[in-house]
1. Pairs under 8 Å by beta carbon, first residue without any contact (Cβ under 8 Å) to a residue 24 or more places away in the chain in the stretch 346-359, partner of a type in the set (A, V, I, L, M), six or more apart or different chains?
2. Determine the pairs where a residue that is assigned by TED's automatic domain parsing to the domain that holds Ala112, located within the stretch 28-46, has a partner that is surrounded by fewer than 22 Cβ atoms within 10 Å (Cβ to Cβ) and outside any helix (DSSP H, G or I) with Cβ atoms under 7 Å apart, the partner being 6 or more residues away or on another chain.
3. Across the stretch 180-204, which residue is nearest to Asn303 (Cα to Cα) among those that are of a type in the set (Gly, Ala, Ser) and crowded, with 21+ Cβ neighbours inside 10 Å?
4. Return yes when Ala75 is in contact (Cβ under 8 Å) with a residue 60 or more places away in the chain, closer than 23 Å to Thr282 by Cβ and small (Gly, Ala, Ser) and no when it is not.
5. Any residue at all in the stretch 352-368 that's surrounded by fewer than 24 Cβ atoms within 10 Å (Cβ to Cβ), of a type outside the set (A, V, I, L, M, F, W, C) and modelled with pLDDT of 95 or more?
6. So, Val134, is that one under 25 Å from Val12 (Cα atoms), of a type outside the set (Phe, Trp, Tyr) and either surrounded by fewer than 19 Cβ atoms within 10 Å (Cβ to Cβ) or modelled with pLDDT under 90 (or both) or not?
7. Which one of these is modelled with pLDDT of 95 or more, closer than 27 Å to Gly440 by Cβ and surrounded by 17 or more Cβ atoms within 10 Å (Cβ to Cβ): Ala33, Ala52, Ala18, Ala83?
8. Restricting the search to the stretch 263-300, which residues are surrounded by fewer than 24 Cβ atoms within 10 Å (Cβ to Cβ), β-branched (Val, Ile, Thr) and in contact with a Pro (Cβ under 9 Å, 6 or more places away or on another chain)?
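The values are calculated or read from the model by the stated rules, or taken from the named source; none is laboratory data. The shown structure was predicted, so the numbers you read here are calculated from the model rather than taken from an experiment. We place every Cβ from the backbone using ideal geometry, glycine too, and count neighbours over all the protein chains shown.
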Amino acid sequence: MTDVLTLVPPWVAFVAAALAVVALPRRAGTAAAVSLTAVTIPWVLVAPAGAAPSVAPFGFEQVLVRVDAFSRPVAVLFGFVAALNVLYGHATGADARQTAYSLCYMGAGVAAVLAGDWLTLLVAWELLAVSATVLVWHHGGDAVRPAFRYAVYHLVGGAFLVAAVALHYAAAGTFVYDGGFTRGLATTLALVSVGVNLGFVGLHAWLPETYSRPHVAASVVLAGFTTKVAVYVLARLAPDGHAFVVWMGAAMVLYGVTQAVLQTDMRRLLSYHIVSQVGYMTVAVGIGTAAGLTGAFAHLTANVLYKGLLFMVAGAIIARTGEASLKRLGGLGRRMPVTFATFLVAALAITGVPGFSGFVSKGLVTKAVESAGPDLVWWVVVVGGVGTVLSFVKFGYYAFVRRAPEPLTVAPGSTALRVALVVVAIPSVVFGVLPEAFLGAFPGDPGSFDPYAASELLKAAAVAAAGVAAFALLRTPISRVHPADVDRVLHPSAARLATGVSSLAVRTGEAATEAGITLSDRLGSHVGRDPADAETTLRTALLALAATTGLALLVAALA
C-alpha cells in the first residue's frame, strides 16, 4: 500500500476533482471534488517519510513526491482546506469553471509543497501563478486589472526563480533537495522571487487588489495558498536563517497592519493582514532557530485556518447582503448568528487570545524573536499584535454590533455555508487547548516554551487591552480616513500604464474570441460539421499547440 502512495502523487486527486466538477451535475460534482481533495489528508499521513522513486523526463533527476517534516503538515493542511473551499464555493454560487480553476490552483500548491527537487518545485510554482491568474480573470469586471497585475508580478518573480534554480544546478550539479540552496547570487535571486509571493513590502502591491476583487470563493482559495507556499519555500531556501529576511518580515508586520487598520472594504482589510501575518512567519524563519522554525510552521497552519475562515465570513456577508464595506454594515450579530460566532472564533485566534490557535503560534514566534532576534523586531511584533486587535475589534463592531446606518436586506444562508464555517472554526479552538499536540506536528523544536505560562498570559492580556483601548480612542479619527489606491499615489504613471495595457489585453482577447468563433463557423460549414463541434475542435487544437509550445520553450531553456 505504501508503495502505491509514493508512486501516485496526491495532486492527481485534484486533477480528477477538477474533471468531475466540469463533467458531473453541480451537486454530484461538488461531492466528488470534496471527497477527492480530502484524500490528501490520509494519503500524506500514511505515506512513509522519504522521497518517492525519481524520474528523469528531461535528463535531470526529479523527485515528484517527498514526504518529510516540512512537507507533511503543510500538505495535510492544504488537503483539509481544499475540501472545505470546494464546499464553500458551492454554497456561495461559484460556477463549475471557477471551481475547476480553483482545484487546479490548489493542486499546484500541493505539488509545490510535496516536490522533492527544485525543478519540480519550479514547474509547480509557475502552474500556481498561471492558475491563480485564470481564477481571478474568470470573474471579469473589476477583477481583470488585478489579474493582469498578478500575472505580471508573478511572471517576473518566476523568471528570477528560474535563474536562481539554474545557478544552483550549475553549482550543485543536481536539482534534488540536499540541505539548502547555493549561497550568493542564487539565494538573492530566489529571495526576490519568493518575496513576490510572500508579499515583501515593495513587491506586495498585487496582493490586496487581487484578493479583494474576484468571486468571494476565489478570495478564500487564494488566501490559503500563494503566500503560504512561499513561506514553505522560504524555509527550504534559508533553513539556517537570514538577516535580511528578519528585517523584511518586521517591515511586513508593521506595514500590513497599519494599512489594514485604515481599510473599510472587508476583503482589503483581510488582505493587508495577510501581509502582516506572513511577516510573522518570515521573521520566524529568518532568525534561524529551531523554535523559530516551529513557530513559523505553526503560525502558517493557524493562519491558513483562521484567515480562511475570516475570508469565508466576509464572503458570507457579501453574498447575503450585497455589501462589502464596513461603512454600510451593522447589526448582523443577531441576523447572522452562525457567521458571527465563527467570526468571533477567527478574530480571537488571529488576535492571540488564550484558548485559540493564534495565541499558541504567535506566542512561540514572539518568544523565539525575544530569545534570538533584534530587540527592535520584538517591539515591532508586539505593536503588530496591538494593531491586529484594533483591526478586528473594528471589523466586529461595524459589521455585527452597531446598528446598521441604513436598512439592510439579508438573504437566507444555506446549510452548506454554515457547515463550511463551523468545520473550519473547530481546529482554531482545538489547537489552542492542545498546544503540545499542535506544536509537536511541525519541524524544529519549541524547546521549553509554555504558552500558558503566567508571563505569556500577561503579554497576551496587555496586547488585547491595548488594542481595544486604541480602537476606543481612534475610532472616530480612523472613520474619517479615506484610503486611496497606494499605487496611484506613489506610482501614478505606472498605474495608468497598467490600466491601459490590461484594457488593451481585454480588447485583444475579445477580438481574438470573436475571430475564432467566425473561423470555426466557416470551418464547420466547409466540412459539413456542426459549428459548435468545429469550435470545440479548434479550441482543443489551439490549447494543444499552446501546451506543446510551452513545453518546447521549457526544454530549450533548460537545455
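1. none
2. Ala32/Leu24
3. Gly199
4. Judged against the criteria, Ala75 is a match.
5. yes
6. In short, yes.
7. Ala83
8. Thr264
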